[in-house]
Amino acid sequence: MAITPSYLKKGDTILIIATARARSENEIKPSVEILKSWGLKVELGPNIFKKHHQFAGTDEERAADLQWAINHKTAKAILISGGGYGSLRIIDRSNFKAFIKNPKWFIGYSDTTVLHNRLSNLNIAAIHGTMAFQFQKNAEATLSIKKLLFGEKVNYQFPYSTLNRIGVAEAEIVGGNLSLLYALSGSVDDVSTKNKILFLEDLDEQLYHIDRMMLQLKRSGKLKHLKGLIVGGMSDMKDNAIPFGKTAEEIVLDAVKEYNYPVCFNFPAGHIEKNMAIYLGKKAKLSVTKSKVSLNYL
């Protein structure tokens with residue numbers, strides 16, 4: 001069972017840092033106001049608004065802010081300002097010793113998958129959810145982060161997909177962005193999936209590349225011993241002039257067709273407007289029936 005950071009209460013401090021693409025002060029300001037309305041104190045990383053090409057500062061500056069957040073003695077949570085690309089460039093500059101002694105909730109998705117998998121391998125729970133620059137995009141998605149941070153009960157229910165495979169699974173959830181999981185393969189931050197529920201989502205990928213990444217997961221044994229599979233948004237997929245012949249969802253289902261665990265599609269998380277927050281590393285119960293799908297935490 002993963003270590004669960006302390007749930008937040010009013011008066012606690014949350015940090016916002018940028019580990020990837022640059023985001024402006026105007027993009028981040030609404031999230032600061034929303035967090036304050038929850039009764040939280042907000043501190044921004046010293047380099048959060050720096051710019052270096054597409055990045056939020058140089059690798060050294062972004063790594064310094066990440067280390068500042070890791071080492072922060074009183075903060076209870078860390079929110080990533082935005083995704084894009086960049087966390088992979090700085091993860092090996094980071095020392096998580098202080099984080100292990102004083103774990104905090106780490107919130108983000110997409111590029112944040114790099115950081116989430118470092119925490120997964122350190123056996124520390126985290127939150128896959130909307131990042132700071134998107135806090136005004138969907139009120140329900142943003143509120144779901146508050147519920148998880150403050151330890152409120154959540155029970156997600158959504159309609160059945162014809163591609164689903166029925167069944168029940170109880171296990172910790174791991175995973176995140178498929179392209180980042182693929183990039184982490186063979187590294188110290190490679191995802192460990194045995195006896196876990198794997199969550200996958202992705203954006204703006206060629207369908208043949210989705211197939212290649214799913215085959216990599218399969219050939220490396222990461223799909224064989226799952227307890228269950230959750231597929232979130234597979235958004236804005238691309239195809240060649242000669243069609244690949246399958247949707248992203250059909251590609252995923254084909255990769256796991258020989259296994260017997262429950263599979264659900266269209267989970268409301270990922271690069272979609274209503275990106276509902278989920279715990280990574282906390283034991284969950286996934287129930288896939290012929291009429292609906294539900295997910296709650298044990």
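The values are calculated or read from the model by the stated rules, or taken from the named source; none is laboratory data. The model shown is predicted, which means the values in this text are computed figures rather than measured ones. So basically every Cβ, Gly included, is an ideal-geometry build from the backbone, and we count neighbours across all protein chains shown. For the accessible areas, the whole protein counts, side chains as well, though only heavy atoms, and no ligand, DNA or RNA atoms are used. Shrake-Rupley method; radii C 1.70, N 1.55, O 1.52, S 1.80 Å.
So, of the residues in the stretch 1-18 that are of a type outside the set (Ser, Thr, Tyr) and under 14 Å from PHE150 (Cα atoms), which turns out to be nearest to the chain's Cα centre (by Cα)?
Narrowing the stretch 1-18 to residues of a type outside the set (Ser, Thr, Tyr): 1-3, 5, 8-12, 14-18.
Subset that is under 14 Å from PHE150 (Cα atoms): 5, 8-12, 14.
Details: PRO5: 16, LEU8: 19, LYS9: 23, LYS10: 25, GLY11: 26, ASP12: 23, ILE14: 18 Å.
Ranking the qualifying residues of the stretch 1-18, first place goes to PRO5.
Among the residues of the stretch 19-38 satisfying the criterion of being of a type in the set (Gly, Ala, Ser) and within 20 Å of ALA141 (Cβ to Cβ), which is farthest from the chain's Cα centre (by Cα)?
Just the residues of the stretch 19-38 that are of a type in the set (Gly, Ala, Ser), to begin with: 20, 22, 24, 31, 37.
Restricting the remaining residues to those that are within 20 Å of ALA141 (Cβ to Cβ) gives 20, 31, 37.
Details: ALA20: 14, SER31: 18, SER37: 24 Å.
So, considering only residues that are of a type in the set (Gly, Ala, Ser) and within 20 Å of ALA141 (Cβ to Cβ), the one farthest from the chain's Cα centre (by Cα) is SER37.
Return yes or no: is LYS222 open to solvent by less than 50 Å² (accessible area, probe 1.4 Å) and charged (D, E, K, R)?
Working: open to solvent by less than 50 Å² (accessible area, probe 1.4 Å): yes; charged (D, E, K, R): yes.
Spelling it out, LYS222 is indeed open to solvent by less than 50 Å² (accessible area, probe 1.4 Å) and charged (D, E, K, R).
For (1) within 26 Å of PHE135 (Cα to Cα); (2) in a loop (DSSP other than H, G, I, E, B), each residue gets a yes or a no:
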{"residue": "GLU249", "(1), (2)": "no, no"}
{"residue": "ASP254", "(1), (2)": "no, no"}
{"residue": "TYR259", "(1), (2)": "no, yes"}
{"residue": "PRO268", "(1), (2)": "yes, yes"}
{"residue": "HIS271", "(1), (2)": "yes, yes"}
{"residue": "LYS285", "(1), (2)": "no, no"}
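Take the conditions in contact (Cβ under 8 Å) with a residue 12 or more places away in the chain, within 23 Å of GLY11 (Cα to Cα), touching a Gly at 6+ places or on another chain (Cβ under 9 Å) and not in a loop (DSSP other than H, G, I, E, B) and apply them to ILE34. Does it pass?
On the way: in contact (Cβ under 8 Å) with a residue 12 or more places away in the chain: yes; within 23 Å of GLY11 (Cα to Cα): yes; touching a Gly at 6+ places or on another chain (Cβ under 9 Å): no; not in a loop (DSSP other than H, G, I, E, B): yes.
The answer is no for ILE34.
Return yes when SER110 is on the phi > 0 side of the Ramachandran plot, open to solvent by less than 40 Å² (accessible area, probe 1.4 Å) and either within 16 Å of the chain's Cα centre (by Cα) or aliphatic (A, V, I, L, M) (or both) and no when it is not.
Details: on the phi > 0 side of the Ramachandran plot: yes; open to solvent by less than 40 Å² (accessible area, probe 1.4 Å): yes; either within 16 Å of the chain's Cα centre (by Cα) or aliphatic (A, V, I, L, M) (or both): yes.
Here the answer is yes, as SER110 does meet what is asked.
Condition first: in a loop (DSSP other than H, G, I, E, B), open to solvent by 40 Å² or more (accessible area, probe 1.4 Å) and at negative phi. Now tell me which residues in the stretch 37-57 satisfy that. Can you show your working first?
From the stretch 37-57, those in a loop (DSSP other than H, G, I, E, B) are 38-40, 45-51, 53-54, 56-57; that's our starting set.
The next check asks that each one be open to solvent by 40 Å² or more (accessible area, probe 1.4 Å); those that pass are 46, 49-51, 53-54.
Within the stretch 37-57, PRO46, PHE49, LYS50, LYS51, GLN54 qualify.
Going through LYS101, LYS97 one at a time, which residue ends up being free of Cβ contacts under 8 Å to residues at least 12 places away in the same chain, closer than 22 Å to ASP190 by Cβ and open to solvent by 10 Å² or more (accessible area, probe 1.4 Å)?
Numbers: LYS101 fails: closer than 22 Å to ASP190 by Cβ.
Answer to the check: LYS97.
Of everything in the stretch 62-87, what is among the charged types (D, E, K, R) and buried (at least 20 other Cβ atoms within 10 Å of the Cβ)? Give them in sequence order. So that I can check it myself, show each step before the final result.
Of all residues in the stretch 62-87, those among the charged types (D, E, K, R) come to 62, 65, 73, 76.
Of everything in the stretch 62-87, those that are among the charged types (D, E, K, R) and buried (at least 20 other Cβ atoms within 10 Å of the Cβ) turn out to be ARG62, ASP65, LYS76.
Out of all the residues in the stretch 52-85, which are aliphatic (A, V, I, L, M) and touching a strand residue (DSSP E or B) at 6+ places or on another chain (Cβ under 9 Å)? It would help to see each step written out before you state the result.
Let us first name the residues in the stretch 52-85 that are aliphatic (A, V, I, L, M), namely 56, 63-64, 66, 69-70, 75, 77-80.
ALA56, LEU66, ALA69, ILE70, ALA75, ALA77, ILE78, LEU79, ILE80 - these are the residues of the stretch 52-85 that are aliphatic (A, V, I, L, M) and touching a strand residue (DSSP E or B) at 6+ places or on another chain (Cβ under 9 Å).
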